[in-house]
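The values are calculated or read from the model by the stated rules, or taken from the named source; none is laboratory data. Since this is a predicted model, take the numbers as computed values, not measurements. Please note: Cβ atoms are built from the backbone with ideal geometry, for glycine as well, and neighbour counts cover all protein chains shown. Just so you know, the surface numbers come from the protein's heavy atoms only, side chains and all, with ligands and any DNA or RNA stripped out. Shrake-Rupley method; radii C 1.70, N 1.55, O 1.52, S 1.80 Å.
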Amino acid sequence: MNRIGTQLVGRLGLVALDGSRRPAPPPLVLVAHGSRDPRALATVRTLLDRVRELRPGLAVHLGHIELNEPLLADTLAALDARDVPEAVLVPLLLGRGHHVKQDIPRTAAGARVRTRVAAPLGPHPLLVETLYERLVEAGWRTRMSDAQRRASAVVLAAAGSRDPESALDTRATARQLAERLGVPVLPAYASAAAPDVRTAVRALAGRGRHRVAVAGYFTAPGRFATQSAEAAPWLAAAPLGAHPAMARLVLHRYDRARAAGETGAADPTAPATATKGTAPAAPTTPARIPA
């Protein structure tokens with residue numbers, strides 16, 4: 001019944017007070033990285049379904065940067081073939097880096113469809129809540145004695161990037177998660193940056209933290225997520241995946257990007273704005289965490 005009610009409200013939202021039909025909102029294109037692990041594509045598709053359930057009447061599409069179909073360029077070409085005038089691209093990525101600053105804006109700028117690129121998902125409090133719940137699912141105790149808390153810590157395992165702003169975003173999430181848990185949270189990376197998960201675990205053990213859990217700061221299962229979980233000495237939490245909070249966050253980024261485009265104001269969380277034939281510039285200011 002709740003799902004039917006949500007769909008009805010969504011359809012009514014397309015009707016103006018005078019009974020005329022409002023223009024359809026621009027489609028949301030979720031931009032995933034792509035993975036050779038079939039679980040990743042299944043996870044992303046489940047996330048898309050949850051976004052659609054939350055926002056009936058909004059067209060939601062998928063485009064990949066690499067490795068999976070449809071590729072982002074093909075998704076945008078298909079929208080153009082249907083005379084869709086514009087779309088909002090939401091990166092299914094957790095921080096600023098090459099894909100957010102270069103790959104996605106370049107593809108968007110080469111499309112005939114007018115596009116606006118939203119900010120990456122992180123950092124954001126909804127990610128922290130998802131990480132917390134994934135840790136609890138894995139066995140993290142919500143209540144600990146003082147001795148248990150002094151011995152506990154978390155490694156936040158992320159994919160990694162050579163872009164220093166990506167590391168800043170990961171560290172911001174680690175700080176927020178540490179505040180949520182009340183224990184140290186040390187970022188670590190599966191590639192391109194240091195420390196790796198095993199090194200981070202050893203560093204925490206050297207500080208007397210022997211109950212170390214690994215939180216998977218990945219949007220979906222894959223090679224990096226699996227490798228990071230295998231390095232966990234205690235608990236290993238599942239990736240963020242298709243958690244309901246992730247669907248809410250995708251729509252939050254969509255709404256912010258769309259609102260900034262309609263008002264003409266710059267969205268401080270958005271990495272770029274692309275229009276037909278215009279390559280956008282990459283941002284130089286840190287991302288702000290919206291409420």
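What to note about this one:
- For the pair segment 156-201 / segment 67-117, the C-alpha centres are spaced 28 Å from each other.
- Between ARG207 and ALA77, the contour length at 0.36 nm per residue exceeds the Cα-Cα span by 41.5 nm.
- Per residue, in Å², the accessible surface of segment 73-125 once ligands and nucleic acids are set aside, probe 1.4 Å: 37
- Rounded to the nearest 0.05, the FRET efficiency derived from the C-beta distance between GLU230 and VAL136 at R0 = 22 Å is 0.55.
- Accessible surface area normalised per residue over segment 22-67 is 47 Å², counting heavy atoms of protein chains with a 1.4 Å rolling probe.
- The amide H of LEU71, built 1.01 Å from its N in the peptide plane, has HIS64 as neighbours under 5 Å, considering only residues 5 or more places off or on other chains.
- Listed residues SER35, SER152, SER145 arranged by accessible area, highest first, probe 1.4 Å: SER145, SER35, SER152
- Computed over segment 44-171, the P(r) curve from all C-alpha pair distances, binned at 10 Å from the origin, holds 10, 32, 31, 16, 7, 2, 0 percent per bin.
- Here the contact order of segment 80-132, divided by its residue count and restricted to Cα pairs under 8 Å and six or more residues apart, works out to 46 percent.
- Protein heavy-atom surface of segment 65-214, 1.4 angstrom probe: 49% of the accessible area is carbon and sulfur, with nucleic acids and ligands not counted.
- Probe 1.4 Å, accessible area per residue of segment 128-265, Å²: 44
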